[in-house]
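Written below as structure tokens is the structure these notes are about.
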Amino acid sequence: MKTNLLLVLMFCVGLSVSAQTRFGLKSGVALGSVSTNDAEIKEDGLNLQSFQFGAIIDTRLSSALSFQSQLLFLGKGTAVDHDDHVDKYRFATIDVPLQLLYRTKAGWFIGGGPNLGFNLSARYIHEGEKEEIAIGDAAGEVKGFDFGLMASGGYESKKGLVLSVSYLKGITQLQNTPNFDWQNNVIGFTIGYMLPTRGKK
């Protein structure tokens, strides 16, 4: 997993070597949910509020199109309501969205693309007690790599302030258990700032 993440980072840095590239930062709220065949979660599952923050690399391809990669520290998972308490499944991940964005002259943008997720940790929290879930390929563990698709839209002001909303749909079957479906999904609301580019001399 570490090798795959390093290759992805090198790829993103390589794309950033351009006079049309801008850099930025973002942070915000992540509302996690799961697609699963677990009857209890399907009936009593709740969105799990978490966080996200990270860096943005945006390379202009034309007057209306740009390629944007991000490096995000992101919380995923879900909560389950049991009336007297709420259980939680929490994932801490590093995600790398790779998106093609269409931009209007007024500052609005919309786009999407693949998302590369790397699970750092997974926990089951029951009545305040935390139980670590191992990451690996053995039965009962969850997979380290999480592939998905992301769509996003928002607005960027002329001063570089960015407001955006995104939806991440997990594709990877994370559970190493036969006939047990589990894909992490996230709705994100973020605020960011794009650093000004250096003017030409």
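Does G136 satisfy being more than 18 Å from Q68 (Cβ to Cβ) and among the small types (G, A, S)? Judged against the criteria, G136 is a match. Listed here are the strands (runs of 3 or more DSSP E) enclosed by segment 32-148 that have at least 2 residues being within 20 Å of I187 (Cα to Cα) and under 16 Å from the mean Cα position of the chain (by Cα): 48-60, 65-81, 86-103, 108-126. When segment 71-114 is filtered for residues that are out of contact with any strand residue (DSSP E or B) (no Cβ under 7 Å at 6 or more places or on another chain) and at pLDDT 95 or above, the ones remaining, listed by number, are T104, K105, A106. In a residue-by-residue description of segment 121-128, the property of being out of contact with any strand residue (DSSP E or B) (no Cβ under 8 Å at 6 or more places or on another chain) and free of Cβ contacts under 8 Å to residues at least 12 places away in the same chain applies to at least one position. Scanning segment 46-62 for residues that are under 30 Å from D81 (Cα atoms) and crowded, with 19+ Cβ neighbours inside 10 Å returns L48, S50, Q52. Scanning segment 105-115 for residues that are touching a residue at least 24 places away in the same chain (Cβ under 8 Å), farther than 9 Å from M150 by Cα and surrounded by fewer than 20 Cβ atoms within 10 Å (Cβ to Cβ) returns G107, W108, I110.
Closer than 27 Å to R60 by Cα and of a type in the set (D, E, K, R) - does that describe any residue in segment 94-102? Steps first, please.
First pass over segment 94-102, keeping only residues closer than 27 Å to R60 by Cα: 94-102.
When the remaining residues are screened for being of a type in the set (D, E, K, R), the result is 95.
For segment 94-102, residues closer than 27 Å to R60 by Cα and of a type in the set (D, E, K, R): present.
Condition check: surrounded by fewer than 17 Cβ atoms within 10 Å (Cβ to Cβ), of a type in the set (V, I, T) and within 20 Å of Q52 (Cβ to Cβ). Does I94 satisfy that?
no
If you filter segment 159-181 down to residues that are among the charged types (D, E, K, R) and modelled with pLDDT of 95 or more, you find that the one that is surrounded by the most Cβ atoms within 10 Å (Cβ to Cβ) is K169. Filtered by the rule that a residue be in contact with a strand residue (DSSP E or B) (Cβ under 8 Å, 6 or more places away or on another chain), farther than 19 Å from P114 by Cβ and of a type in the set (A, V, I, L, M), segment 25-70 gives L25, V29, L31, V34, I41, L46, L48, A64.
The values are calculated or read from the model by the stated rules, or taken from the named source; none is laboratory data. Small disclaimer: the values here were computed from a predicted structure and weren't measured. So basically every Cβ, Gly included, is an ideal-geometry build from the backbone, and we count neighbours across all protein chains shown.
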